[in-house]
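As structure tokens, the structure follows; a few thoughts come after it.
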Amino acid sequence: MHQENSTIRFNNQVGNGYYKIGITCGPEYSAAVPGQFVTLKIAGRMDPLLRRPFSIHRLVKRGEQVDGLEILYRVVGGFTGQLSEMGENEPLDLLGPLGHGFSVSNTVKGPLFVAGGIGVAPIVFLAETLQDRGADLSGAFVFMGGKTASDILCEGDFARLGMGAAITTEDGSKGEKGLVTILLDAYLETQKPDVIYACGPHGMLHAVADMAAARQIRCEVSIETVMACGLGVCMGCATKTKDFPGGYRHICKHGPVFDASVVVF
Ligand SMILES: Cc1cc2nc3c(=O)[nH]c(=O)nc-3n(C[C@H](O)[C@H](O)[C@H](O)COP(=O)(O)OP(=O)(O)OC[C@H]3O[C@@H](n4cnc5c(N)ncnc54)[C@H](O)[C@@H]3O)c2cc1C
């Protein structure tokens, strides 16, 4: 973990309320794994007081050296609103990489990814990393769900990896109408992936974890919750688990990625 002064390289709107920002980072990030996150603060501003957490969406290399990262974010409140108005060469206070990420193994075959809304951000990094490390992505599939068509992002990234994709929206404006978990349930009636990786709203993760458990499929979930310190100090993001003395773990330190079988949803 490292705190540094970062500089914005670009900050582009990529959808209705969604932005992709590219920022500089130190070489420490070459060891970052998908599912890990950073916290950001706008230097010199006291409002909001607390740093805000964001998943690493992609690492950027210059030659062999990592020197930047990308974050995909949705504008929901004060910090993300301010961030969306910032531009090239402006400074950001960056802390990371933080947390425990997805397990990335080159022996994985045909993994299944489930992304709800902005939960797609770390899933792209995960799929790209698995491919870089030689995992077999033929037969890999991504399920993406959103409230409406504009919540479906990164389709092109998965297509470039040669992956199949299934899309659902709650209002039917893109893909099948309904929840992504309904389509997933039907898919799992005939397919048994090695592993399911999921990131999205809590209810979606709960449903995916239950489906995986019922079919004895290994499943890892990234839990994104409101978080204060991001360092495992303040207890603000404690979540109940089955495998830890006292029953609670910190999402920021022991997660955000957990084996779904240990999480008490
Ligand atoms: C580990 C982790 C990774 C994350 N990765 C991303 C990412 O890649 N891209 C992205 O856009 N967001 C991500 N988030 C969520 C992001 O941190 C929040 O959207 C951000 O902190 C909101 O700050 P704000 O000041 O703009 O909004 P606030 O004014 O703090 O909040 C506005 C509204 O959003 C709600 N909210 C705040 N945080 C969350 C949250 N985590 N989940 C659900 N609702 C929330 C608040 O309850 C409030 O209703 C992540 C969160 C965590 C914990």
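The values are calculated or read from the model by the stated rules, or taken from the named source; none is laboratory data. In this text, all values refer to a predicted model and were calculated from it rather than measured experimentally. Glycine gets a Cβ as well: all are built from the backbone with ideal geometry, and neighbour counts include every protein chain shown. With ligands, DNA and RNA removed, areas are computed over all heavy atoms of the protein, side chains included. Shrake-Rupley method; radii C 1.70, N 1.55, O 1.52, S 1.80 Å.
For the range 229-256, a residue qualifies if it is within 17 Å of M1 (Cα to Cα) and surrounded by 16 or more Cβ atoms within 10 Å (Cβ to Cβ), and the qualifying residues are C229, G230, L231, G232, H250, I251, C252, K253, H254, G255, P256. Scanning the range 112-167 for residues that are within 23 Å of H206 (Cα to Cα), out of contact with any Lys or Arg (no Cβ under 7 Å at 6 or more places or on another chain), surrounded by 15 or more Cβ atoms within 10 Å (Cβ to Cβ) and among the β-branched types (V, I, T) turns up V114, V120, I123, V142. Any residue in the range 208-237 that is free of Cβ contacts under 8 Å to residues at least 60 places away in the same chain and farther than 23 Å from R51 by Cα sitting within a Cβ distance under 6 Å of a residue that is in a loop (DSSP other than H, G, I, E, B) and away from the ligand (no atom under 15 Å from the Cβ)? List the pairs, counting only those 6 or more apart or interchain. As it stands, the answer is M211/L188; R215/L188, since those pairs meet every condition given. Taking the criterion of being open to solvent by 40 Å² or more (accessible area, probe 1.4 Å), polar (S, T, N, Q) and outside the structural domain of T24 (by TED's automatic domain parsing), would at least one residue in the range 70-93 satisfy it? Within the range 70-93, none of the residues are open to solvent by 40 Å² or more (accessible area, probe 1.4 Å), polar (S, T, N, Q) and outside the structural domain of T24 (by TED's automatic domain parsing).
Are any of the residues in the range 165-178 under 19 Å from G99 (Cα atoms) and among the hydrophobic types (A, V, I, L, M, F, W, C)? No, the conditions are met nowhere in the range 165-178.
Quick check, is L50 surrounded by 17 or more Cβ atoms within 10 Å (Cβ to Cβ), outside the structural domain of A228 (by TED's automatic domain parsing) and within 16 Å of the ligand (Cβ to nearest atom)? No: the conditions fail for L50. Highlighted here are the strands (runs of 3 or more DSSP E) found entirely within the range 33-130 that include at least 1 residues which are of a type in the set (V, I, T): 37-41, 58-62, 65-74, 112-116. Against the test of being assigned by TED's automatic domain parsing to the domain that holds M204 and more than 16 Å from the ligand (Cβ to nearest atom), the options A121, A135 yield a single qualifying residue, A135. Residues in the range 168-204 that are open to solvent by 30 Å² or more (accessible area, probe 1.4 Å) and of a type in the set (A, V, I, L, M) were compared, and the one that is farthest from G110 (Cα to Cα) is L179. Answer yes or no as to whether F10 is over 15 Å from G119 (Cα atoms), more than 8 Å from the ligand (Cβ to nearest atom) and out of contact with any helix residue (DSSP H, G or I) (no Cβ under 6 Å at 6 or more places or on another chain). When the stated conditions are applied, F10 passes them. A Cβ distance below 6 Å, combined with a sequence gap of six or more or placement on separate chains, defines the contacts here; from the range 55-79, residues that are closer than 20 Å to L130 by Cα and within 7 Å of the ligand (Cβ to nearest atom) reach no residue that is β-branched (V, I, T) and open to solvent by 20 Å² or more (accessible area, probe 1.4 Å).
Would you pick out the residues in the range 135-153 that are in a loop (DSSP other than H, G, I, E, B), out of contact with any Leu (no Cβ under 8 Å at 6 or more places or on another chain) and under 18 Å from A121 (Cα atoms)? Once the filter is applied, which keeps residues that are in a loop (DSSP other than H, G, I, E, B), out of contact with any Leu (no Cβ under 8 Å at 6 or more places or on another chain) and under 18 Å from A121 (Cα atoms), the range 135-153 yields K147, T148, I152.
Look at the range 240-265: where a residue is under 17 Å from E224 (Cβ atoms) and a partner is more than 12 Å from the ligand (Cβ to nearest atom) and in a loop (DSSP other than H, G, I, E, B), sitting 6+ places away or on another chain with Cβ atoms under 6 Å, you get K240/G247; K240/V264; H250/G232; C252/G232; K253/G232; V257/F102.
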